[in-house]
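Chemist: Quick one: this structure, given as structure tokens, is what I'll be asking you about.
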Amino acid sequence: MIKRIRSEQLKPGMFIHDLNCGWIDHPFLFNSFMVDNEKTAAKIIANGIRELYIDPDKGLDATDAQTRDEFHAEINDQITTLAASHVIKHPPPPPLHQEISQARNVHREAHKIVHHLMSDVRMGKQIELEKVSPTVERITDSIFRNKDAFISLSRIKIKDEYTFQHSVSVCALMVAFSRELEFEKGAILDAGIGGLLHDVGKMHIPSLILNKPSTLTTAELGIMRSHATIGCELLKQTPSMPESAIIITRQHHERYDGTGYPDKLKNGEISQLGQIAAIADVYDALTSNRIYHKGMEPTDALRKLFEWSRFHFNATLVQRFICLIGIYPVGSLVKLESGKLAIVVNPGNENLLRPTVRAVFDLRREHAITPRDIDLSTQLGDRIIQHESPRHWGINTFNYL
């Protein structure tokens, strides 16, 4: 029975089942291991890990600790309550199919631009803002038409191209999040520029560290973390670069409890832009396939963000972000009470727990069916039981969007 404990409860003889820090490249060889001495426990705390999971069947127990299942049930109840109380601000967007094709074109072009931009930076060339701004404007226009089209496409990544594609994804999330928070149009565009350039400092990190397929050493982790300050300096040297973009680049790894970097800022010391960039950056990292791990399903990633908002993120902003993305984001695979597998095509205009889905497989008859849209907000006789892994079922959900 896996249990959740505070890091200060950790002691030698306990077996760590999960360090609970997928958002950071921790300096441990494995994510699961036996704690053999006090030094290891202190190192875990020093790396900003506030809560983790232990396996009492493989080591010492913490008798008063909550089980993982109990905690997850508690988190799910809180997210369900949040979803039920959410009020939709914007009018329903045009149907997904009206934007998805154009969003694909914008996404493809943005990736090319970022690839060239980052390659130029790696070779020591200055960032050309006049090439960045039009790309951000096109992404913003797509987000304003239908945010779910572009954001869903942003989950498609090639492992070797992660840094470039991640930049485009965070740009889109920053634009959508800024709009949700009712920023003015100019401020939204500036936030998008910051999202697109937030990892530009990584172009000055040695490739052997940046693309290392295994855990970084403590020294390598320090070099990797320097990308925030390097990127900040690069942007400062760029004429007419928005101050917002500079702030986002420096602060996107700061954490609300002061355990982030590079400045270990806490609470209100972190700008609002830095706080929302941290959330967008971690969400996209969690849902992305990378060299050393498979990405989470979006619903699981949102639950992790909610869990980590107890310490690392602004809890109110995390709740706003979850409502923005949707409990079951577009492109998610879900299982219905009627025994069908379906793909979410609209996160829900009236109720985030009852989105519009596209049924594609009948589990009871064990065969694919002609895709059929079901608006769960009006078809009250059916509901989502749980989300599913597309990999497990061999379904490419994006083929149905």
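Chemist: Select from segment 239-271 the residues that are part of a loop (DSSP other than H, G, I, E, B) and among the acidic types (Asp, Glu) and write down the one among them that is nearest to PHE164 (Cα to Cα). Steps first, answer last, please.
Modeler: The first filter runs over segment 239-271 and keeps only residues part of a loop (DSSP other than H, G, I, E, B), leaving 239-242, 252-256, 258-265, 270-271.
If we keep only those that are among the acidic types (Asp, Glu) as well, we get 254, 263.
Working: GLU254: 21, ASP263: 25 Å.
Here the answer is GLU254.
Chemist: Still on this structure: Can you tell me which of (1) surrounded by 20 or more Cβ atoms within 10 Å (Cβ to Cβ); (2) modelled with pLDDT of 95 or more is the one SER133 doesn't meet?
Modeler: Just one mismatch for SER133, condition (1).
Chemist: Oh, and also: Can you work out which of the residues in segment 147-166 that are modelled with pLDDT under 85 and of a type in the set (Asp, Glu) is surrounded by the most Cβ atoms within 10 Å (Cβ to Cβ)?
Modeler: GLU161
Chemist: Could you count how many residues in segment 336-366 are of a type in the set (Gly, Ala, Ser) and surrounded by fewer than 19 Cβ atoms within 10 Å (Cβ to Cβ)? So that I can check it myself, show each step before the final result.
Modeler: So in segment 336-366, the residues of a type in the set (Gly, Ala, Ser) come out as 338-339, 342, 348, 359.
Then keep just the ones that are surrounded by fewer than 19 Cβ atoms within 10 Å (Cβ to Cβ); that gives 338-339.
The total comes to 2.
Chemist: Additional query: Please state which of the following conditions SER154 fails to meet, knowing it meets all the rest: (1) under 23 Å from GLN319 (Cβ atoms); (2) in contact with a Gly (Cβ under 9 Å, 6 or more places away or on another chain); (3) hydroxyl-bearing (Ser, Thr, Tyr).
Modeler: It fails just one condition, (2).
Chemist: Let me ask something else. Restricting to segment 35-80, count the residues that are of a type in the set (Ser, Thr, Tyr) and either in contact with a helix residue (DSSP H, G or I) (Cβ under 8 Å, 6 or more places away or on another chain) or in a helix (DSSP H, G or I) (or both).
Modeler: From segment 35-80, those of a type in the set (Ser, Thr, Tyr) are 40, 53, 63, 67, 80; that's our starting set.
From the residues that got through so far, the ones that are either in contact with a helix residue (DSSP H, G or I) (Cβ under 8 Å, 6 or more places away or on another chain) or in a helix (DSSP H, G or I) (or both) too are 40, 53, 80.
Residues flagged as of a type in the set (Ser, Thr, Tyr) and either in contact with a helix residue (DSSP H, G or I) (Cβ under 8 Å, 6 or more places away or on another chain) or in a helix (DSSP H, G or I) (or both) within segment 35-80 amount to 3.
Chemist: Filter segment 367-383 down to residues that are closer than 11 Å to ILE343 by Cα and not charged (D, E, K, R) and give me whichever is surrounded by the most Cβ atoms within 10 Å (Cβ to Cβ).
Modeler: First, the residues of segment 367-383 that are closer than 11 Å to ILE343 by Cα: 371-374.
If we keep only those that are not charged (D, E, K, R) too, we end up with 371, 374.
Numbers: PRO371: 13, ILE374: 19.
Filtering first and then ranking leaves ILE374.
Chemist: Then there's this: Does GLN66 satisfy being within 30 Å of CYS323 (Cα to Cα), surrounded by fewer than 16 Cβ atoms within 10 Å (Cβ to Cβ) and of a type in the set (S, T, N, Q)? Spell out the reasoning first.
Modeler: Details: within 30 Å of CYS323 (Cα to Cα): yes; surrounded by fewer than 16 Cβ atoms within 10 Å (Cβ to Cβ): yes; of a type in the set (S, T, N, Q): yes.
Yes.
Chemist: Among the listed residues GLY339, GLY394, which satisfies the condition of being at positive phi and either hydrophobic (A, V, I, L, M, F, W, C) or in contact with a strand residue (DSSP E or B) (Cβ under 8 Å, 6 or more places away or on another chain) (or both)?
Modeler: Details: GLY394 fails: either hydrophobic (A, V, I, L, M, F, W, C) or in contact with a strand residue (DSSP E or B) (Cβ under 8 Å, 6 or more places away or on another chain) (or both).
Exactly one residue qualifies, and that residue is GLY339.
Chemist: For segment 72-92, check the following and say yes or no: at least one residue is touching a strand residue (DSSP E or B) at 6+ places or on another chain (Cβ under 6 Å) and not small (Gly, Ala, Ser). First the steps, then the outcome.
Modeler: Of all residues in segment 72-92, those touching a strand residue (DSSP E or B) at 6+ places or on another chain (Cβ under 6 Å) come to none.
No, because not a single residue in segment 72-92 is touching a strand residue (DSSP E or B) at 6+ places or on another chain (Cβ under 6 Å) and not small (Gly, Ala, Ser).
Chemist: Go through segment 42-66 and count every residue that is within 19 Å of GLY258 (Cα to Cα) and among the aliphatic types (A, V, I, L, M). Quick ask: steps written out before the conclusion?
Modeler: First, pick out the residues of segment 42-66 that are within 19 Å of GLY258 (Cα to Cα): 42-52.
The next check asks that each one be among the aliphatic types (A, V, I, L, M); those that pass are 42, 44-46, 49, 52.
Number of matching residues: 6.
Chemist: Being without any contact (Cβ under 8 Å) to a residue 12 or more places away in the chain, surrounded by fewer than 19 Cβ atoms within 10 Å (Cβ to Cβ) and either assigned by TED's automatic domain parsing to the domain that holds ASP281 or within 19 Å of PHE150 (Cβ to Cβ) (or both) is the requirement here; does ASN396 meet it? Spell out how you get there, then give the answer.
Modeler: On the way: without any contact (Cβ under 8 Å) to a residue 12 or more places away in the chain: yes; surrounded by fewer than 19 Cβ atoms within 10 Å (Cβ to Cβ): yes; either assigned by TED's automatic domain parsing to the domain that holds ASP281 or within 19 Å of PHE150 (Cβ to Cβ) (or both): yes.
So ASN396 fits the description; yes.
Chemist: What number of residues within segment 193-215 satisfy the criterion of being more than 23 Å from ILE247 (Cα to Cα) and either of a type in the set (D, E, K, R) or in contact (Cβ under 8 Å) with a residue 12 or more places away in the chain (or both)?
Modeler: We begin by selecting, within segment 193-215, every residue more than 23 Å from ILE247 (Cα to Cα); these are 206-209, 211-215.
Next, only the ones that are either of a type in the set (D, E, K, R) or in contact (Cβ under 8 Å) with a residue 12 or more places away in the chain (or both) stay: 206, 209, 211-215.
Looking only at that region, the number is 7.
Chemist: Of the conditions (1) surrounded by 16 or more Cβ atoms within 10 Å (Cβ to Cβ); (2) small (Gly, Ala, Ser); (3) closer than 22 Å to GLY295 by Cβ, ALA41 satisfies every one except a single condition; which number is it?
Modeler: That leaves (3) as the condition not met.
Chemist: Please determine whether any residue of segment 297-317 is buried (at least 22 other Cβ atoms within 10 Å of the Cβ), closer than 24 Å to ARG4 by Cβ and small (Gly, Ala, Ser).
Modeler: Within segment 297-317 (the criterion being buried (at least 22 other Cβ atoms within 10 Å of the Cβ), closer than 24 Å to ARG4 by Cβ and small (Gly, Ala, Ser)), the answer is yes, since at least one residue qualifies.
Chemist: On the basis of being surrounded by fewer than 22 Cβ atoms within 10 Å (Cβ to Cβ) and outside any helix (DSSP H, G or I), does LEU208 make the cut? Before you say what the answer is, go through the steps one by one.
Modeler: On the way: surrounded by fewer than 22 Cβ atoms within 10 Å (Cβ to Cβ): yes; outside any helix (DSSP H, G or I): no.
No, not satisfied.
The values are calculated or read from the model by the stated rules, or taken from the named source; none is laboratory data. Remember, it's a predicted structure, so these values are computed and weren't measured experimentally. A quick note on method: Cβ atoms are made from the backbone with ideal geometry, for glycine too, and the neighbour counts reach across all protein chains shown.
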